[in-house]
């Protein structure tokens, strides 16, 4: 058996000692689970799901804590401290995650947070982070189709909008005109596939696209009317900025929702907005 360093492993408790439990680490030998992480009632023979990383002496050690990232993950981590070799990032474990200067795009500073990729240094077999994440994004053509729901990690602001990492694997972009609420680097949000470009990069939105989005928002708008005395002062000719500020949707989606509710004879369209149809 070979353990997965920087990842979760299911290991068997082999013996108890004063300072914790030893787990069967296969080729790595016995791995310590310190007392502070030992579940109540744990005994030899039990199987535990533990995260394996390296202690201060670079020996494998187990924990039942959940880190902010594992090997193969992109994450937004804060710098705890810096020395002459690099930066040390808080990833939720006792020992901080090292990011050497050679793996930094710009010098990291204590207290700031950065998007990094967690991997294993091939030369030293140490866990480390790198801020040079482009080379770890997949070059394969994404398998998505229009409208698929995906997980997004907001990466950085650009002139076009926000670059995002899609499903912890692909490069994506949310265009500025598709953003109707504040976004910040490090945010983890749901998104939807809009278009896959020739170069394999992905255009994503943070709202459902097309007809389904309009149908979903129709119900939101209908509930708004019911909760606001049957009236909304925003019509299909209202400024897109006011619509986006109140409902966090585009003017196009808003107009489609009005059209849907009107066809269903649930609203009337007036000069000063829309109102529920009197029953």
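If the condition is being under 18 Å from the mean Cα position of the chain (by Cα), surrounded by 15 or more Cβ atoms within 10 Å (Cβ to Cβ) and under 24 Å from residue 253 (Cα atoms), then region 167-186 contributes 172, 173, 174, 179, 183.
Name every residue in region 34-51 that is in a strand (DSSP E or B) and closer than 14 Å to residue 12 by Cβ, in order of residue number. Give the steps one after another, and end with the answer.
Restricting attention to region 34-51, the residues satisfying the condition of being in a strand (DSSP E or B) are 34, 47-51.
47, 48, 49, 50, listed by residue number.
Quick one: residue 262 ticks every box in (1) surrounded by 15 or more Cβ atoms within 10 Å (Cβ to Cβ); (2) closer than 13 Å to residue 273 by Cα; (3) touching a helix residue (DSSP H, G or I) at 6+ places or on another chain (Cβ under 9 Å) except a single one, so which number is it? (3) is the only condition that residue 262 fails. In region 37-51, the condition of being surrounded by 15 or more Cβ atoms within 10 Å (Cβ to Cβ), under 30 Å from residue 104 (Cα atoms) and not assigned by TED's automatic domain parsing to the domain that holds residue 121 is met by at least one residue. Evaluate the following for residue 163: is it more than 24 Å from residue 251 (Cα to Cα) and buried (at least 16 other Cβ atoms within 10 Å of the Cβ)? No: the conditions fail for residue 163. Residues in region 125-160 that are surrounded by 20 or more Cβ atoms within 10 Å (Cβ to Cβ), under 18 Å from the mean Cα position of the chain (by Cα) and over 14 Å from residue 194 (Cα atoms): 129, 153, 154, 155.
Please determine whether any residue of region 95-105 is more than 22 Å from the chain's Cα centre (by Cα) and part of a loop (DSSP other than H, G, I, E, B). Looking for residues that are more than 22 Å from the chain's Cα centre (by Cα) and part of a loop (DSSP other than H, G, I, E, B), one finds at least one in region 95-105, hence yes.
I'd like to check something: does region 194-214 contain any residue that is in contact with a strand residue (DSSP E or B) (Cβ under 6 Å, 6 or more places away or on another chain), closer than 30 Å to residue 135 by Cβ and part of a helix (DSSP H, G or I)? Within region 194-214, not a single residue is in contact with a strand residue (DSSP E or B) (Cβ under 6 Å, 6 or more places away or on another chain), closer than 30 Å to residue 135 by Cβ and part of a helix (DSSP H, G or I). Given the criteria touching a residue at least 60 places away in the same chain (Cβ under 8 Å), outside any strand (DSSP E or B) and out of contact with any helix residue (DSSP H, G or I) (no Cβ under 7 Å at 6 or more places or on another chain), does residue 246 qualify? Spelling it out, it is not the case that residue 246 is touching a residue at least 60 places away in the same chain (Cβ under 8 Å), outside any strand (DSSP E or B) and out of contact with any helix residue (DSSP H, G or I) (no Cβ under 7 Å at 6 or more places or on another chain).
Identify, please: which residue in region 247-259 is closer than 19 Å to residue 271 by Cα and under 29 Å from the mean Cα position of the chain (by Cα) and is, among those, surrounded by the fewest Cβ atoms within 10 Å (Cβ to Cβ)?
We begin by selecting, within region 247-259, every residue closer than 19 Å to residue 271 by Cα; these are 251-252, 254-259.
Still in the list and also under 29 Å from the mean Cα position of the chain (by Cα): 251-252, 254.
On the way: 251: 18, 252: 12, 254: 24.
Once the filter is applied, the top-ranked residue is 252.
Looking at 29, 41, 72, just one residue is at positive phi and at pLDDT 95 or above, and that residue is 72.
Each row is one residue, and each column tells you yes or no for (1) in contact with a strand residue (DSSP E or B) (Cβ under 8 Å, 6 or more places away or on another chain); (2) crowded, with 16+ Cβ neighbours inside 10 Å; (3) in a strand (DSSP E or B).
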| residue | (1), (2), (3) |
| --- | --- |
| 8 | yes, no, yes |
| 22 | yes, yes, yes |
| 58 | no, no, no |
| 61 | yes, yes, yes |
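The values are calculated or read from the model by the stated rules, or taken from the named source; none is laboratory data. As the structure is a prediction and not an experimental result, all values here were calculated from the model. Note: ideal-geometry Cβ built from the backbone for every residue, glycine included; neighbour counts use all protein chains shown.
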